[in-house]
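The values are calculated or read from the model by the stated rules, or taken from the named source; none is laboratory data. These numbers were taken from a predicted model, which means no experiment stands behind them. FYI the Cβ positions are ideal-geometry reconstructions off the backbone, even for glycines, and counts take in every protein chain you see.
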Amino acid sequence: MMLSTQALLSAIGVGEKSATVIGATFQWFLRDLSGMLGGILFTFYQGSNLDSDAKMWRLVADLMNDLGMLMDLISPLFPSAFVFILCLGSLSRSFTGVASGATRAALTQHFALQQNAADISAKEGSQETVATMAGMAVGMFLAHITRGHALAIWFSFLSLTIFHMYANYKAVRCLSLNSLNGERSSLLLQHFMETGQVLSASRISSEEHVLPLWLSSWAPKKFRPLHRSVHLGVKVSSLNHTHTMDLFLRAGSYYKKAKYILLERKGEVDIVMHKDSTPADVLQSYVHALVMAGFMDRSTLLHDESESWMNKHYDDFLKKLRLSGWKTERLLSHSVVWKANWLVGSSDEKIK
C-alpha cells in the first residue's frame, strides 16, 4: 500500500511547485466520488449473494484491493488518463470495502460457536490492526529503499501481491463452513444419491470452488454441478404463455401440498416460491430442484421420479445432514424477492 500511495501522491503533484491545491483537491474528490458510487452499485447488484458465497467473495475482496493498488501504481505512467485510472482504482477498492465487510460478518457468525460474535469481531479487528501496522512499517521501508528505482518498485509490488493472494487462497481453502448454500447442497446431494452417505464439512470444503466463476471456469471439470441448472425465486411474469399454463397445471396437481412449484425449461429447473413459504420450504424446494436436475439425463418423467425420491429419501437426507454437523435451518441463497400466490392444500400429507 505504501508503494502505491507514494506513486499516487507523486502523480497529483506533491512536492512540485507547479501543482495547485484546487487541482489536487478536485482529483481527490473525483476519486472518492467514484468509489462511493461504485460501492452503492456493487451492493445493489451483488449484496444478496455475499452470504451464500462468503468464501469466494472474501477472496474477490482481496483481489480487488490488490487491483486498486495496481491502478494507483500505474496511474503516473499515463498522465493523460491519470484521473480515469485513479477512479478505476477507487472503484475497485469500493468493491473491496463492501465485500470485505459483509463476508467478515458472515464468517464471524461461523466462528462464534458460543454466540460471542461481538468478542470474535473485536479480536479479529485487533489482529487486523496489528497486521496492518506491521505491513505499513515494511511498506515504508520498501518505499524508502526503492525510491527512484522503477524496476525495484514493480518487483517488490508484484512479489508481495502474489504472496498476498496465495496466502489468502490457502486460508479460504482451509475454511470449513457447515452452512448450506447452492454448491455445498449440490455436492452433498450428489454424493448422497450415489452412496446414501453425507460428506463432512471438511471434505466438502476441499471440493467446493472458492475462485470467482470467471477464473474457476478455466479449471478442468469432471461434471457440471447440479446447482448451475437451478434458478431459485423465478419471477412468474418472466415466463411465456406455455410455461405459465404449465405452472397453473403444476399448482393444481403435483405441488398442491407444497409451497413451491418446479418448472423444467430447456435443461434448467426454475423454482417459483409461494408468498407464505418458510426457510424450510426454500431448502426443500432447492433440494427437490437438485434431484430433478440430477434425473435430467436419465428420465423423461422428471416430476414423478423426483417427487418419489423426495417422499422416500428427503427426511433421511436431512437427518443425516444434522448428524454430520450441517445446519439445516435455512439455505444460504440470494434474497427470494419474487413470489407467487396460489391455493395450497393441507401440509399434513406428503407432496404427491
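Residues in the stretch 123-136 that are surrounded by 12 or more Cβ atoms within 10 Å (Cβ to Cβ) and either in contact (Cβ under 8 Å) with a residue 40 or more places away in the chain or among the aliphatic types (A, V, I, L, M) (or both): Gly135, Met136. One residue alone among Phe44, Phe84, Phe78, Phe95 is in contact (Cβ under 8 Å) with a residue 12 or more places away in the chain and not small (Gly, Ala, Ser), and that residue is Phe95. Among the criteria (1) free of Cβ contacts under 8 Å to residues at least 12 places away in the same chain; (2) of a type in the set (A, V, I, L, M, F, W, C); (3) assigned by TED's automatic domain parsing to the domain that holds Leu318, the one Met193 does not fulfil is (1). Here the stretch 291-310 is the region considered, the condition is being touching a helix residue (DSSP H, G or I) at 6+ places or on another chain (Cβ under 6 Å) and assigned to a loop (DSSP other than H, G, I, E, B), and the residue that is surrounded by the most Cβ atoms within 10 Å (Cβ to Cβ) is Phe295.
Give the residue that is nearest to the chain's Cα centre (by Cα), with candidates limited to residues of the stretch 224-238 that are in a loop (DSSP other than H, G, I, E, B) and more than 16 Å from Val336 (Cα to Cα). Talk me through it step by step, then tell me what you get.
Narrowing the stretch 224-238 to residues in a loop (DSSP other than H, G, I, E, B): 224-225, 233-235.
Now drop any that are not more than 16 Å from Val336 (Cα to Cα), which leaves 224-225.
Details: Arg224: 19, Pro225: 16 Å.
Checking each candidate, the answer is Pro225.
Would you confirm whether or not the stretch 242-265 contains a residue that is within 21 Å of Met193 (Cβ to Cβ) and either among the β-branched types (Val, Ile, Thr) or free of Cβ contacts under 8 Å to residues at least 24 places away in the same chain (or both)? Within the stretch 242-265 (the criterion being within 21 Å of Met193 (Cβ to Cβ) and either among the β-branched types (Val, Ile, Thr) or free of Cβ contacts under 8 Å to residues at least 24 places away in the same chain (or both)), the answer is no, since none of the residues qualifies.
For (1) among the acidic types (Asp, Glu); (2) closer than 22 Å to Gly47 by Cα, each residue gets a yes or a no:
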{"site": "Leu73", "(1), (2)": "no, no"}
{"site": "Pro76", "(1), (2)": "no, no"}
{"site": "Thr103", "(1), (2)": "no, yes"}
{"site": "Gln109", "(1), (2)": "no, yes"}
{"site": "Asn116", "(1), (2)": "no, no"}
{"site": "Asp119", "(1), (2)": "yes, no"}
{"site": "Gly135", "(1), (2)": "no, no"}
{"site": "Gly148", "(1), (2)": "no, no"}
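Filtering the stretch 270-280 to residues that are surrounded by fewer than 17 Cβ atoms within 10 Å (Cβ to Cβ) and acidic (Asp, Glu) leaves only Asp276.
Where in the stretch 133-217 are there helices (runs of 4 or more DSSP H), lying wholly inside it, with at least 3 residues that are at pLDDT below 90 and either touching a strand residue (DSSP E or B) at 6+ places or on another chain (Cβ under 9 Å) or among the hydrophobic types (A, V, I, L, M, F, W, C) (or both)?
Working: elements: 150-174, 182-195, 201-207, 213-216.
Result: 150-174, 213-216.
Restricting attention to the stretch 39-50, the residues being surrounded by fewer than 21 Cβ atoms within 10 Å (Cβ to Cβ) and touching a Ser or Thr at 6+ places or on another chain (Cβ under 8 Å) number 3. Of all the criteria given as (1) part of a helix (DSSP H, G or I); (2) in contact (Cβ under 8 Å) with a residue 40 or more places away in the chain; (3) surrounded by fewer than 21 Cβ atoms within 10 Å (Cβ to Cβ), the one not satisfied by Ile120 is (2).
Among the residues of the stretch 311-346, those that are closer than 20 Å to Phe248 by Cα, out of contact with any Ser or Thr (no Cβ under 9 Å at 6 or more places or on another chain) and surrounded by 15 or more Cβ atoms within 10 Å (Cβ to Cβ) comprise Ala340, Trp342, Val344.
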